[in-house]
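The values are calculated or read from the model by the stated rules, or taken from the named source; none is laboratory data. All of these numbers come straight from a predicted model, not from anything done at the bench. Positions of Cβ are generated from backbone atoms using ideal geometry, with glycine treated the same way; all protein chains shown enter the neighbour counts. The protein model used for the area step is the full one, side chains on, heavy atoms only, and it has no ligands, DNA or RNA in it. Shrake-Rupley method; radii C 1.70, N 1.55, O 1.52, S 1.80 Å.
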Amino acid sequence: VFRLAHLEDERAKTVIEAVDDCAGSWRAQASEPGIGWGLGFARYKNTAGYCAVMARVEIDQEIRVTDVYAAADIGEVISRDGALNQIEGGILQSMSWTLKEAARLEGSQVAAESWLDYPILKFSDVPNLSVRLLEPPDEPPLGCGEISQGPTAAALGNAVRSALGVTVRDLPLTRDRVMQALF
């Protein structure tokens, strides 16, 4: 509501309202401690596609993302399947960056010797995911290349804040960083 009240761009408002509509019935359920919803929104480089992401997290020993909803306005959609795949892939990549990925250093050297040593999102970490493409009539294509990465990271940070009441300011959002924010 706060964000909508301060936006003048009607397409931006429409994207945020659309993602809220997609997640609305889930968000209406009673929330328990350790469960939170977060919203992230951006217009890529202020000139390309619009994307809003709503994420639900459950936090116990770790942060688990259970549901992600996204709405995007990329103008005229040239390849619907390609656009959906690009946005979904960006959400998953951003989840990995935001929750897991960090290069461990030993002195000035990277400690990971292979992908087995590097923390990354696993298939078992993939949440329920739904993307809605808005297709405004008579609008030129805007592109969807990397529109979902920023809003996803913001949505996850906001969901953690909603679940725990504290803001974790450093990425990735690991257990240690959450504990530092709490205490």
Please go through segment 154-166 and give me each residue that is outside any loop (DSSP other than H, G, I, E, B) and either over 8 Å from the mean Cα position of the chain (by Cα) or buried (at least 24 other Cβ atoms within 10 Å of the Cβ) (or both), ordered by number.
ALA155, LEU156, GLY157, ASN158, ALA159, VAL160, ARG161, SER162, ALA163, LEU164
Candidates ALA103, ALA70, filtered to the one that is open to solvent by 10 Å² or more (accessible area, probe 1.4 Å) and either farther than 21 Å from LYS122 by Cβ or touching a strand residue (DSSP E or B) at 6+ places or on another chain (Cβ under 7 Å) (or both):
ALA103
From the residues in segment 78-118 that are touching a residue at least 60 places away in the same chain (Cβ under 8 Å) and not in a helix (DSSP H, G or I), which one is farthest from ILE147 (Cα to Cα)?
ALA102
Of the residues in segment 122-145, those that are crowded, with 18+ Cβ neighbours inside 10 Å and part of a loop (DSSP other than H, G, I, E, B) number 2
Can TYR44 be described as more than 20 Å from ALA163 (Cα to Cα) and either open to solvent by 80 Å² or more (accessible area, probe 1.4 Å) or under 15 Å from the mean Cα position of the chain (by Cα) (or both)?
yes
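Going by the conditions given, is ALA72 aliphatic (A, V, I, L, M) and not in a loop (DSSP other than H, G, I, E, B)?
yes
Of a type in the set (Asp, Glu), closer than 23 Å to ARG161 by Cβ and without any contact (Cβ under 8 Å) to a residue 12 or more places away in the chain, is that true of GLU32? Break it down into steps so the answer makes sense when it comes.
On the way: of a type in the set (Asp, Glu): yes; closer than 23 Å to ARG161 by Cβ: yes; without any contact (Cβ under 8 Å) to a residue 12 or more places away in the chain: yes.
Here the answer is yes, as GLU32 does meet what is asked.
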Can you name the condition, by its number, that ARG64 falls short on among (1) farther than 29 Å from GLU10 by Cα; (2) not in a strand (DSSP E or B)?
(2)
Can you find even one residue in segment 167-181 that is open to solvent by 30 Å² or more (accessible area, probe 1.4 Å), part of a loop (DSSP other than H, G, I, E, B), touching a residue at least 12 places away in the same chain (Cβ under 8 Å) and over 30 Å from GLU17 (Cβ atoms)?
yes
Applying the selection to segment 18-40, what residues are open to solvent by 80 Å² or more (accessible area, probe 1.4 Å), acidic (Asp, Glu) and either under 14 Å from ALA52 (Cβ atoms) or at pLDDT 90 or above (or both)?
ASP21
